[in-house]
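Engineer: Encoded as structure tokens, here's the structure I'll be asking about.
The values are calculated or read from the model by the stated rules, or taken from the named source; none is laboratory data. Values in this document were obtained by computation on a predicted structure and should not be read as measured data. Cβ atoms come from the backbone with ideal geometry, glycine included; neighbour counts cover every protein chain shown. Just the protein is used for accessible areas: all its heavy atoms, side chains included, with ligands, DNA and RNA removed. Shrake-Rupley method; radii C 1.70, N 1.55, O 1.52, S 1.80 Å.
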Amino acid sequence: MAKLSYKTVTDDELKNLNEQLAKKDAIDILKWAYNHFGDDIVYACSFGAEGIVLIDLISKVNKNATIVFLDTELHFEETYALIEKVKAKYPTLNIELKKPELTVAEQNEQYGNELWKTSPDQCCKVRKLKPLEEELSKYQAWISGLRREQSETRAHVQFVNHDNRFQSIKVCPLIHWSWDEIWMYIKLHQLPYNELHDQNYPSIGCANCTLPVADGGDTREGRWANSGKVECGLHQ
Ligand code: SF4
């Protein structure tokens with residue numbers, strides 16, 4: 001099969017492919033993705049619980065895979081500490097931290113202080129979307145840890161998707177995993193994880209925009225809490 005390209009693959013072709021892959025599990029999807037795209041695929045990892053599972057699975061399939069983290073320079077120190085632990089555990093993986101063009105000080109100067117309060121969409125655009133756009137322009141495809149049960153906006157994600165936002169192919173191996181399965185895998189394999197997960201932070205983004213959630217709350221409830229925002233715009 002010729003390498004899938006966002007510009008040429010049709011919706012029907014992707015539908016057929018997803019039907020063929022329907023019974024596969026996450027590791028088979030990753031094997032398919034690395035066989036198909038070779039070095040032309042990158043995993044954009046947020047180092048959340050799903051990210052840790054995917055990194056471990058990816059290391060079994062392609063120990064030299066490239067993984068990129070969008071370093072907004074506004075993450076919790078626990079997140080940066082976790083990245084160092086993961087780098088030490090998987091020394092052959094190529095883990096890159098991608099920073100925005102503007103430092104936080106430059107952003108303050110250009111847009112005003114605390115843009116995440118005055119215009120979180122603009123802040124995510126500068127610190128996440130543009131850097132990811134730049135990064136993804138180097139590859140045919142990217143991997144994401146989206147799961148269908150995470151939110152209504154993610155309920156219909158397929159293993160292989162047209163990504164209209166970044167004009168790329170987006171591969172999502174964990175679509176069928178539940179939150180409990182993610183944690184069973186982490187515990188079973190004794191993987192490092194963000195210490196904030198033990199303090200009621202199920203989903204972790206920038207420190208300014210992430211709150212803990214009440215017991216039994218929705219896993220993404222703490223992201224941009226008290227605002228209408230539910231996604232940073234990376235997944236549409
Ligand atoms: S999550 Fe918050 S701080 Fe981070 S880039 Fe988006 S708005 Fe800015």
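Engineer: Is it the case that Asp71 is closer than 23 Å to Ala49 by Cβ, within 15 Å of the ligand (Cβ to nearest atom) and open to solvent by less than 10 Å² (accessible area, probe 1.4 Å)?
Structural biologist: So Asp71 fits the description; yes.
Engineer: Looking at (1) at pLDDT 95 or above; (2) in a loop (DSSP other than H, G, I, E, B); (3) within 16 Å of the ligand (Cβ to nearest atom); (4) of a type outside the set (Phe, Trp, Tyr), which is the one condition that is false for His176?
Structural biologist: Among (1) at pLDDT 95 or above; (2) in a loop (DSSP other than H, G, I, E, B); (3) within 16 Å of the ligand (Cβ to nearest atom); (4) of a type outside the set (Phe, Trp, Tyr), the lone unmet condition for His176 is (3).
Engineer: Quick check on Leu188: is it open to solvent by 80 Å² or more (accessible area, probe 1.4 Å) and within 20 Å of Val61 (Cβ to Cβ)?
Structural biologist: Here the answer is yes, as Leu188 does meet what is asked.
Engineer: May I pose another question? For region 198-218, enumerate the residues that are in a loop (DSSP other than H, G, I, E, B) and open to solvent by less than 40 Å² (accessible area, probe 1.4 Å).
Structural biologist: If the condition is that a residue be in a loop (DSSP other than H, G, I, E, B) and open to solvent by less than 40 Å² (accessible area, probe 1.4 Å), then Tyr201, Pro202, Ser203, Ile204, Gly205, Val213, Gly217 are the ones that fit.
Engineer: A further question on this structure: Please go through region 123-165 and pick out each residue that is free of Cβ contacts under 8 Å to residues at least 40 places away in the same chain and either exposed (fewer than 15 other Cβ atoms within 10 Å of the Cβ) or within 18 Å of Phe69 (Cβ to Cβ) (or both).
Structural biologist: Cys123, Val126, Lys130, Glu133, Glu134, Ser137, Glu149, Glu152, Ala155, His156
Engineer: Now, a different point. Can you name every residue in region 3-13 that is out of contact with any helix residue (DSSP H, G or I) (no Cβ under 9 Å at 6 or more places or on another chain) and open to solvent by less than 60 Å² (accessible area, probe 1.4 Å)?
Structural biologist: Residues satisfying the conditions are Ser5, Tyr6.
Engineer: Can you spot a residue in region 14-23 that is within 16 Å of the ligand (Cβ to nearest atom), open to solvent by 70 Å² or more (accessible area, probe 1.4 Å) and within 26 Å of Tyr185 (Cα to Cα)?
Structural biologist: no
Engineer: Within region 114-124, can one find any residue that is at negative phi, within 11 Å of the ligand (Cβ to nearest atom) and among the basic types (Lys, Arg)?
Structural biologist: yes
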